[in-house]
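The values are calculated or read from the model by the stated rules, or taken from the named source; none is laboratory data. Since the structure is predicted, the reported quantities are computational estimates derived from the model, not experimental observations. Positions of Cβ are generated from backbone atoms using ideal geometry, with glycine treated the same way; all protein chains shown enter the neighbour counts. The accessibility values were calculated without ligands, DNA or RNA, using every heavy atom of the protein model including side chains. Shrake-Rupley method; radii C 1.70, N 1.55, O 1.52, S 1.80 Å.
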Amino acid sequence: MAPLTWSDRLAARSQDWADTLLARRQFVHRPNSTYGENLFEITGATASPAQVVNAWASESRNYDYASNRCRGVCGHYTQLVWGDTKEVGCAVARGGGREVWVCDYDPPGNLVGKRPY
């Protein structure tokens, strides 16, 4: 698989949504987005980029490639490794003892019936 390219455009979009979620005290995906999106939230502590990505990647244990099925949550993992995705941009918003992390992916992954790689 080719490595992802960093996108300042997607990072700005991610920052906008992270700031919105923090201000609204929400934790939901952006409605009607044409991009893939991973979210991470932590309260009362801080997280590093590596910790956030590792949390998403740990969902690999729930994904069975042979059957292309997930037991539990695995959509963050499959978006991370989606072979057709070319660009990523991420951001974090912090305040009030809370962090909200957002990464946007273009093109998006997690297409029903298709394997990630």
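Observations on the model:
- Here is the figure for region 20-38: residues that are surrounded by 17 or more Cβ atoms within 10 Å (Cβ to Cβ) and part of a helix (DSSP H, G or I) total 2.
- Residue count, region 85-109 (criterion: part of a loop (DSSP other than H, G, I, E, B), buried (at least 16 other Cβ atoms within 10 Å of the Cβ) and not small (Gly, Ala, Ser)): 2
- Residue list for region 8-45, restricted to those being β-branched (Val, Ile, Thr) and over 15 Å from Ala91 (Cβ atoms): Val28, Thr34, Thr43
- Count of region 72-83 residues, restricted to those that are open to solvent by 40 Å² or more (accessible area, probe 1.4 Å) and of a type in the set (Val, Ile, Thr), is 1.
- Residue check, Pro31 without any contact (Cβ under 8 Å) to a residue 12 or more places away in the chain and closer than 17 Å to Val81 by Cα: no
- Just one of the listed residues (Arg61, Arg69, Arg9) is without any contact (Cβ under 8 Å) to a residue 24 or more places away in the chain, open to solvent by 60 Å² or more (accessible area, probe 1.4 Å), over 16 Å from Glu99 (Cβ atoms) and in contact with a strand residue (DSSP E or B) (Cβ under 9 Å, 6 or more places away or on another chain), and it is Arg69.
- Scanning region 39-67 for residues that are of a type in the set (Asp, Glu), under 21 Å from Tyr105 (Cα atoms) and not in a helix (DSSP H, G or I) returns a single hit, Glu41.
- Residues in region 43-54 that are open to solvent by less than 40 Å² (accessible area, probe 1.4 Å) and within 14 Å of the chain's Cα centre (by Cα): Val52 only.
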